[in-house]
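Every number here is computed from the coordinates shown, using simple stated rules; none is lab data. Every value quoted in this text rests on a predicted model; they were computed, and no experiment measured them. As a convention, Cβ positions derive from the backbone with ideal geometry for all residues, glycine included, and neighbour counts pool all protein chains shown.
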Amino acid sequence: MGDWASFLGLANRARRIISGEELVLKEIRSGKAKLVLLAQDASKNTAKRMTDKTTYYQVPLRHVENRQLLGHAIGRDERVVVAVLDEGFAKKLLSMLDTTYRG
């Protein structure tokens with residue numbers, strides 16, 4: 001598990017994330033979501049909904065390897081989508097993910 005996953009676990013313990021498609025969509029609409037993480041193995045419908053909403057509401061969206069890794073990072077079984085609700089956690093995760101997957 002990468003550094004970003006450990007950091008996401010820390011954000012989870014600080015209660016600064018939300019998981020689940022409908023809950024994440026609600027937080028995006030309300031403006032509370034600062035970053036959305038989407039598993040690459042998400043269904044096409046889920047991926048389209050998240051991409052459309054994050055684009056419209058100007059919320060950064062990053063893809064992670066798979067639902068097992070995303071769920072494991074927050075101490076759950078499998079999670080397809082997670083939203084980070086704290087600006088500080090979101091900025092740090094963005095820099096970690098951009099370094100890991102692009103760098």
Original post:
For the chain, what is the mean residue ellipticity at 222 nm derived from helices alone (per DSSP H run of n ≥ 4: -39500 (n - 2.57); sum divided by total residues; nearest 500 deg cm²/dmol)?
Top reply: -17000 deg cm²/dmol
**OP:** Name the shape class, rounded, prolate or oblate, that the alpha-carbon gyration tensor gives for segment 1-62, where a ≥ b ≥ c are the square roots of its eigenvalues, rounded holds for a/c under 1.5, and otherwise prolate holds if a/b is larger than b/c and oblate otherwise.
**Re:** oblate
Subject >> Partner lysines for Lys32 [C-alpha distance under 21 Å; skip if fewer than 8 residues away on the same chain] >> reply: Lys48, Lys53, Lys91, Lys92
**OP:** Send over the Kirkwood Rh of segment 3-102, from the inverse of the averaged 1/r over different Cα pairs, rounded to one decimal Å.
**Re:** 13.0
Original post:
Of all DSSP beta bridges in the chain, what percent run antiparallel (nearest 5)?
Top reply: 65
Subject >> About the Cα centre, charge dipole magnitude for the chain (Lys/Arg +1, Asp/Glu -1 at Cβ), debye >> reply: 260
Original post:
With charges only on Cβ, +1 for K and R and -1 for D and E, what is the dipole size of segment 19-62 about its Cα centre, in debye, rounded to 20?
Top reply: 140
Original post:
Of Lys91, Lys53, Lys44, which is the most mobile in a GNM of the chain whose springs link Cα atoms less than 10 angstrom apart?
Top reply: Lys44
